[in-house]
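The values are calculated or read from the model by the stated rules, or taken from the named source; none is laboratory data. All values derive from a computational prediction rather than experimental measurement. Reconstructed Cβ throughout: ideal geometry from the backbone, glycine too, with neighbour counts over all protein chains shown. Side chains are part of the model used for accessible areas, which takes the heavy atoms of the whole protein and leaves out ligands, DNA and RNA. Shrake-Rupley method; radii C 1.70, N 1.55, O 1.52, S 1.80 Å.
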Amino acid sequence: MANKKQEELARDIIENIGGEENVDGLRHCITRLRFNLKDESKANTDYLKKRDGVVTVVQSSGQYQVVIGNEVAEVYDAITEVSGIGDGSSSGGSNNNEHDDRNVIDKFIDFISGVFQPFLMALAATGMIKGVVALLGTIGVDPENGLYQVLNFAGDGFFQFLPIMVAITAARNFKMNQFTALAIATAFLHPSLSELANGEVLYTLFEGTAFASPIYSTFLGIPIILPAAGNYYSAIIPIILAVWLGSYVEAWMKKIIPSVVRSFLTPFFTVIITVPIALIVIGPVASWGADLIGVIFTSLLDFSPLIFGALLAASWQLLVIFGLHWGIIPITYVLLAEQGINPMGPPMMASTFGVLGVVLALVIKSKEKQIKDIGIPGIISLIFGISEPVIYGLMLPMKKSFMYAIIGNIVGGAYLGMMNVVAHRTGGLGVFSIFNTIDPNGELTMNFWNVIIGFGISILVGFALQMIFPVPNLEEETTEATPEEDKNGESVATSEEIQESAKQDIIASPVTGEIITQEDIEDQVFASGAMGKALAINPTEGVIYAPANATVTTIFPTGHAVGLTTEEGTEILIHIGLDTVELDGEGYEKLVEADDKVEAGQELIRFDIDLINERGFSVQTPIVVTNTNEFEDVLFTDEAAVERGDYLLTSVR
């Protein structure tokens with residue numbers, strides 16, 4: 001049950017992300033609330049970053065991530081209590097926006113997050129239990145002992161039946177009936193399926209290759225190919241793909257089956273169609289894909305285990321910052337399921353300990369209260385594998401300290417790679433991940449001792465570097481980004497901010513598309529610079545948005561061009577298409593009038609790209625700073641493409 005402070009924070013977050021109606025989905029991980037917003041421009045990001053109780057805000061991978069820290073679960077519960085957001089309105093975090101224009105990578109990472117995050121804490125908890133069981137084995141407890149067996153059941157059951165958890169969360173993301181998805185997944189786990197591998201081999205496909213597959217039985221003459229392990233316990237990718245297929249079959253059946261019998265015939269046909277295809281096609285293909293991943297990583301390890309470990313340990317915290325680590329975590333499960341070992345786990349975990357070493361030194365050396373306030377509880381979190389509070393609270397503002405941590409991670413990861421350290425299980429984080437390296441037989445081999453040495457190296461290197469070099473002053477590091485407060489406690493700009501804003505006017509892109517440099521604009525008037533410095537965008541969507549807070553100084557009756565003057569005095573002309581005045585307004589819809597005050601991100605004009613192209617006109621959209629001569633310089637983005645709201649240009653006085 002959330003307390004009053006958490007409830008107030010929840011209400012404030014809802015209000016400043018654009019309200020409940022702006023939310024397409026919400027879930028949380030260890031430290032972050034992960035929103036899918038319909039329109040991120042409606043969120044008051046600057047306010048939320050400064051709000052007490054919020055560590056920071058990250059906009060990445062198609063998600064609006066509000067970093068809370070250790071109380072994230074309580075704040076999430078508060079949000080679900082005071083609103084309709086959360087379990088009741090989110091389909092497991094999938095983006096329900098029909099106009100989802102995120103790229104494939106963003107969508108993939110968002111999907112992976114949606115599949116794994118709901119059960120990540122349970123996975124970590126049972127992983128720690130498995131670590132305790134491994135520890136019992138090392139101190140001589142008989143595996144036949146009741147204590148050992150019960151704890152082993154508690155820790156291992158979740159992993160053996162992981163496909164069931166994956167099926168539930170995948171069904172939520174694919175908007176499929178969860179129980180029908182479970183019917184598909186449990187077919188993969190039927191004991192008789194694994195018993196096939198104990199029978200007589202009929203023949204072997206791809207014999208002599210990495211994909212050799214002994215065939216024990218057939219389905220209507222089609223070979224039933226089993227994974228190398230002989231079963232799909234702990235399988236992930238085959239289940240996700242099977243549920244994905246099932247979601248399409250289910251949707252199709254709902255359309256063609258009469259409503260009077262739909263309730264039972266839909267799951268009947270969905271399961272009877274999906275399971276054979278999944279077992280005969282999807283399972284083998286996914287297994288071969290997993291084999292290929294294993295081959296790739298094995299090859300990299302064979303080429304240079306040292307470089308492999310160093311790069312993975314160095315990059316992991318950077319991937320965590322942007323939420324990109326969710327694209328890699330499933331690979332570790334695949335490697336463990338297919339090969340019985342996970343060489344990625346130890347270097348990944350080492351990345352927490354380099355940060356730990358630096359934070360220990362900061363707490364010892366620094367006299368700054370804010371560093372100690374963040375660092376002391378942060379040390380506890382880091383020990384248990386949770387790094388985000390310290391990363392956002394200390395490492396990012398104190399970039400040199402973060403560099404020392406990364407160096408520590410590189411050295412420790414390189415050692416782990418060089419010594420070929422692997423994990424035999426997964427789940428535990430931080431110090432508990434050490435138990436993952438205990439041999440399955442319960443022996444404390446050098447694999448176990450080397451992971452301790454590797455983690456220790458990361459701590460020592462990070463600690464030593466921070467002790468040798470000066471401690472940055474966190475207050476000075478964050479002054480430029482933190483507003484001062486007046487005597488009444490209200491935020492006011494710092495003198496540096498005032499001076500900087502007087503020099504520069506930063507303008508966002510009014511539309512999504514490919515950038516065209518001024519000299520390449522097809523209209524000579526714009527290309528020559530006669531009207532001022534410019535670039536053009538070849539738009540991929542038919543809406544022009546306000547690139548800054550501004551006044552509409554002019555808008556052509558035809559709607560093909562609009563002139564704006566920003567609050568800082570930059571005069572901008574946005575000309576939608578070339579020679580499109582000839583269309584006499586056809587295909588254009590004006591949403592504002594002259595003298596209107598507009599806010600950044602507000603829709604100004606809608607236009608029909610297809611119509612413009614069909615009529616033989618270029619849709620190139622020049623964006624011109626018409627009072628260029630009033631500025632010392634006008635600087636443009638060097639990106640090849642932009643999305644609306646991305647940085648486009650700066651006018652410098």
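Residues that are open to solvent by less than 10 Å² (accessible area, probe 1.4 Å) and in a loop (DSSP other than H, G, I, E, B) within region 550-559 comprise just one, Gly559. Of the residues making up region 560-575, none is open to solvent by 70 Å² or more (accessible area, probe 1.4 Å) and either among the hydroxyl-bearing types (Ser, Thr, Tyr) or over 20 Å from Asp505 (Cα atoms) (or both).
Evaluation of Ile257 against the conditions (1) surrounded by 18 or more Cβ atoms within 10 Å (Cβ to Cβ); (2) at pLDDT 85 or above shows that the sole unmet condition is (1). When Pro227, Pro238 are checked against the criterion of being touching a residue at least 40 places away in the same chain (Cβ under 8 Å) and either within 30 Å of Phe448 (Cα to Cα) or part of a loop (DSSP other than H, G, I, E, B) (or both), Pro227 stands alone in meeting it.
Residues checked against (1) open to solvent by 30 Å² or more (accessible area, probe 1.4 Å); (2) of a type outside the set (Phe, Trp, Tyr); (3) more than 30 Å from Ser263 (Cα to Cα):
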| residue | (1), (2), (3) |
| --- | --- |
| Met176 | no, yes, no |
| Phe179 | yes, no, no |
| Ala185 | no, yes, no |
| Glu195 | yes, yes, yes |
| Phe211 | yes, no, yes |
| Ser234 | yes, yes, yes |
| Ile239 | no, yes, no |
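Evaluate region 399-416: report whether one residue or more is touching a Gly at 6+ places or on another chain (Cβ under 7 Å), open to solvent by 50 Å² or more (accessible area, probe 1.4 Å), farther than 16 Å from Pro347 by Cβ and part of a helix (DSSP H, G or I). No, every residue in region 399-416 fails to be touching a Gly at 6+ places or on another chain (Cβ under 7 Å), open to solvent by 50 Å² or more (accessible area, probe 1.4 Å), farther than 16 Å from Pro347 by Cβ and part of a helix (DSSP H, G or I). You will find that of Val624, Val592, the residue that is touching a residue at least 60 places away in the same chain (Cβ under 8 Å) and either surrounded by 16 or more Cβ atoms within 10 Å (Cβ to Cβ) or part of a loop (DSSP other than H, G, I, E, B) (or both) is Val624 and no other.
The residues listed here are Asp110, Asp101, Asp87, Asp46; of these, the one that is modelled with pLDDT of 75 or more and either acidic (Asp, Glu) or assigned to a helix (DSSP H, G or I) (or both) is Asp46. Scanning region 197-209 for residues that are open to solvent by 70 Å² or more (accessible area, probe 1.4 Å), over 24 Å from Leu336 (Cβ atoms) and either of a type outside the set (Asp, Glu) or in contact (Cβ under 8 Å) with a residue 12 or more places away in the chain (or both) gives Glu200, Leu202, Tyr203, Gly208. Scanning region 516-527 for residues that are in contact with a strand residue (DSSP E or B) (Cβ under 6 Å, 6 or more places away or on another chain) and of a type in the set (A, V, I, L, M, F, W, C) yields Ile516, Ile521, Phe526. Only a single criterion out of (1) touching a residue at least 40 places away in the same chain (Cβ under 8 Å); (2) part of a helix (DSSP H, G or I); (3) surrounded by fewer than 20 Cβ atoms within 10 Å (Cβ to Cβ); (4) among the aliphatic types (A, V, I, L, M) is not satisfied by Val358, namely (3). For region 205-224, filtered to residues that are β-branched (Val, Ile, Thr) and at pLDDT 85 or above, the residue that is nearest to Leu162 (Cα to Cα) is Ile224. Each residue in region 524-549 was checked for being of a type outside the set (A, V, I, L, M), surrounded by 17 or more Cβ atoms within 10 Å (Cβ to Cβ) and either more than 35 Å from the chain's Cα centre (by Cα) or in a strand (DSSP E or B) (or both), and 5 pass.
Here's a check for you: in region 595-621, which residue that is modelled with pLDDT of 90 or more and of a type in the set (A, V, I, L, M) is surrounded by the fewest Cβ atoms within 10 Å (Cβ to Cβ)? Filtering region 595-621 for residues that are modelled with pLDDT of 90 or more and of a type in the set (A, V, I, L, M), the one surrounded by the fewest Cβ atoms within 10 Å (Cβ to Cβ) comes out as Leu611. The single condition from (1) at pLDDT below 90; (2) crowded, with 22+ Cβ neighbours inside 10 Å that Phe432 fails is (2). Within the set Thr494, Thr445, Thr479, the sole residue that is modelled with pLDDT under 80, open to solvent by 40 Å² or more (accessible area, probe 1.4 Å) and of a type in the set (Val, Ile, Thr) turns out to be Thr479. One residue stands out in region 335-355 among those that are part of a helix (DSSP H, G or I) and in contact with a strand residue (DSSP E or B) (Cβ under 8 Å, 6 or more places away or on another chain): the one that is modelled with the lowest pLDDT, namely Leu335.
Restricting attention to region 319-331, does a residue exist that is at pLDDT 75 or above, closer than 21 Å to His28 by Cβ and open to solvent by less than 20 Å² (accessible area, probe 1.4 Å)? No, there is no match, as no residue in region 319-331 is at pLDDT 75 or above, closer than 21 Å to His28 by Cβ and open to solvent by less than 20 Å² (accessible area, probe 1.4 Å).
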